[in-house]
Amino acid sequence: MSRRARHTRTQVLRHILLSCAAVLMLYPLLWMIMSSFKPDELIFSEPAALPTSLDLSSYFEGWTALRTSFTTFYMNSFIIAALAVIGNLMACSLTAYAFARLEFKGRKIWFALMLGTLMLPYHVTLVPQYVLFLKFGWVNTFLPLIVPKFLAVDAFFIFLMVQFFRGIPREIDEAAIMDGCGPWRIYWKIMLPLSTPVMATAAIFSFIWTYDDFLGPLIYLNDIDSYTVPLALRAFVDSSGGESLYGELFAMSTLSLVPVFIVFLAFQRLIIRGVALGALKR
């Protein structure tokens, strides 16, 4: 067998294995989507993923199945996610600019401590944060989910932006200083316009992570009118052992994927470019 034939055979086998792996990973998602078109009594009785008939009743009934419409849940999620994106972009970019461009005492130590917070699980700070927000009277409001974003708490975005800012030539800063620009004007007029890829990447990841967050809203939001989409989906399953609305749950879960899917498809090139440039630049 020639080398070219062996190479072709290897490529074919590799693609077959990758296709099988993709089917295994996507099957739960496809099963959920297909089950959303089945009546409740057929979801677990039919082993096949494909429904024998399309039933859209779960979508119409699921939208208003809870005491509050899903319109409210989507609005809550979008408000929290949008403000989180704004807060992360403002606070993390300012912090990253200070670490990357400004000289101040203890900069390396503070940067190392900031990186150290990446290794702390969220659960470590969960109890003291809850006690603090409880004393502020912020429990059952959006404030615990929004205000920390304006205080540069996401070290991952800071690190990503620092790496990107360090790749921008310092000669640009020196030329701007000679023209009379101060640190704030350099940040606003020069650094931000040159940092579109990494800023877009931070915005996209911040939106997706905030929109999909379940633990934070579960802890701080008690009123159903303030629920986000993930919390509303949980309400379809009766934890007491009663009847659960699985058809409506799968239908609303399918709809909840649409915003994330659209954002990822629309900005996937910026995601890849921003992560690559932030990782490679020094």
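The values are calculated or read from the model by the stated rules, or taken from the named source; none is laboratory data. What you see is a predicted model, and the numbers here were worked out from it, not measured in a lab. A quick note on method: Cβ atoms are made from the backbone with ideal geometry, for glycine too, and the neighbour counts reach across all protein chains shown.
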### Query
Looking at region 252-272, is at least one residue within 30 Å of residue 167 (Cβ to Cβ), assigned to a helix (DSSP H, G or I), hydrophobic (A, V, I, L, M, F, W, C) and at pLDDT 90 or above?
no
## Note on the structure
Going through region 197-224 in order, the residues found to be outside any loop (DSSP other than H, G, I, E, B) and free of Cβ contacts under 8 Å to residues at least 60 places away in the same chain are 208, 209, 212, 218
### Summary
Residues in region 214-235 that are β-branched (Val, Ile, Thr) and buried (at least 18 other Cβ atoms within 10 Å of the Cβ) total 2
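The rows are residues; the columns are (1) more than 21 Å from residue 255 (Cα to Cα); (2) free of Cβ contacts under 8 Å to residues at least 60 places away in the same chain; (3) surrounded by fewer than 16 Cβ atoms within 10 Å (Cβ to Cβ); (4) of a type in the set (Gly, Ala, Ser).
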site	(1), (2), (3), (4)
19	yes, yes, yes, yes
22	yes, yes, yes, yes
45	yes, yes, yes, yes
54	no, yes, yes, no
74	no, no, no, no
84	yes, no, no, yes
91	yes, no, no, yes
### Message
Just to verify a result, which residue in region 106-158, among those that are in a loop (DSSP other than H, G, I, E, B) and loosely packed, with under 10 Cβ neighbours inside 10 Å, is modelled with the highest pLDDT?
### Response
137
### Query
In this structure, does residue 256 turn out to be crowded, with 16+ Cβ neighbours inside 10 Å, under 26 Å from residue 34 (Cα atoms) and among the polar types (S, T, N, Q)?
yes
### Query
Quick one: which of 168, 158, 146, 190 is in contact (Cβ under 8 Å) with a residue 12 or more places away in the chain, within 30 Å of residue 225 (Cβ to Cβ) and of a type in the set (A, V, I, L, M)?
146
### Query
Residues of region 16-31 being within 21 Å of residue 45 (Cβ to Cβ) and of a type in the set (Ser, Thr, Tyr), which ones?
27
